[in-house]
Amino acid sequence: MTLFTKSALPKAALIAGLLAAAAASLTAPAFAATGPITEAEVTAAEAEWAKGIVHVGDVFTQGGDYKTAASDLIDAMYGYQDGTVLFKPTKAAVDEFRETKDQALSYFVGGSEPEDHGFAITPWSAVRFDNKGMVIDADSATVMGNYYFTNAKTGEDVKVDFTMGFKRAPSDGHLELFLHHSSLPYVAAH
C-alpha cells in the first residue's frame, strides 16, 4: 500500500482529491444503502412518488415528453426491473392489475388499455399522504392510509385509499414499490 504524504502529492492533485471527496459527500444518497428500512425513508419515498405524479402532469400541460417523464417515474419508484410488482391502480376496472411496466405506463399516461385515460396527466397540482399505519420488518415496509390528489384545473381534492409496499432496490438500496393498491373509498348506495 502506498501512502501519500503532503509533500509527495502535488498541491493541485491534493486540492482535486479534496474537492472530489466533498462533492461525493454532497451527492451521496439520503438513504442507507443497506440495513433496516426507516419510517423516514418511507415518507421520503412517498414524497418522491407524489412529486413524480405532479411532474408528469406538469410536463403534459407544458407540451413536453410526458411519456418519458412517466416512464422515468416508474423506473425510479417501481421495482418492475427487479421482479414482481403487485399494482392495482385507482381507476382500473377491466384490466384491474398492472403486472408489467408497459401496463403501468398505460395507466399513468394512456395507451395500451382502452380504459386508461392517463391518471398522471389529469393533471394534479399536489399529492398529500395521510398515513394511517406502517409496518416495517427486516427487509420491507408496508404503509396504508389515504392520499389526496389536488386537481390542477379545479383545485378540488380527490381522496383515495392506498396501500404501498416498499423494499430496497438491489442496484443502490433506494426504496422501490413492490406493492401498490389504490382505490376510491366505498360509497354506500342506501
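In the range 92-110, what count of residues is obtained for those that are part of a loop (DSSP other than H, G, I, E, B) and in contact with a Phe, Trp or Tyr (Cβ under 6 Å, 6 or more places away or on another chain)? Outline the logic, then answer.
In the first step, residues of the range 92-110 are kept if they are part of a loop (DSSP other than H, G, I, E, B); the result is 92-100, 110.
With in contact with a Phe, Trp or Tyr (Cβ under 6 Å, 6 or more places away or on another chain) added as a condition, the list becomes 98.
Residues meeting the conditions: 1.
Check Ala189, Ala120, Ala104 and return the single one that is free of Cβ contacts under 8 Å to residues at least 40 places away in the same chain and crowded, with 20+ Cβ neighbours inside 10 Å. Quick ask: steps written out before the conclusion?
On the way: Ala189 fails: crowded, with 20+ Cβ neighbours inside 10 Å; Ala120 fails: free of Cβ contacts under 8 Å to residues at least 40 places away in the same chain.
So the residue among Ala189, Ala120, Ala104 that is free of Cβ contacts under 8 Å to residues at least 40 places away in the same chain and crowded, with 20+ Cβ neighbours inside 10 Å is Ala104.
Select from the range 19-75 the residues that are modelled with pLDDT of 95 or more and assigned to a loop (DSSP other than H, G, I, E, B) and list them in ascending order. Talk me through it step by step, then tell me what you get.
The first filter runs over the range 19-75 and keeps only residues modelled with pLDDT of 95 or more, leaving 37-75.
If the condition is that a residue be modelled with pLDDT of 95 or more and assigned to a loop (DSSP other than H, G, I, E, B), then Ile37, Thr38, Gln62, Gly63, Gly64, Asp65 are the ones that fit.
The values are calculated or read from the model by the stated rules, or taken from the named source; none is laboratory data. These numbers were taken from a predicted model, which means no experiment stands behind them. No Cβ is skipped: glycine too gets one built from the backbone with ideal geometry, and neighbour counts run over all protein chains shown.
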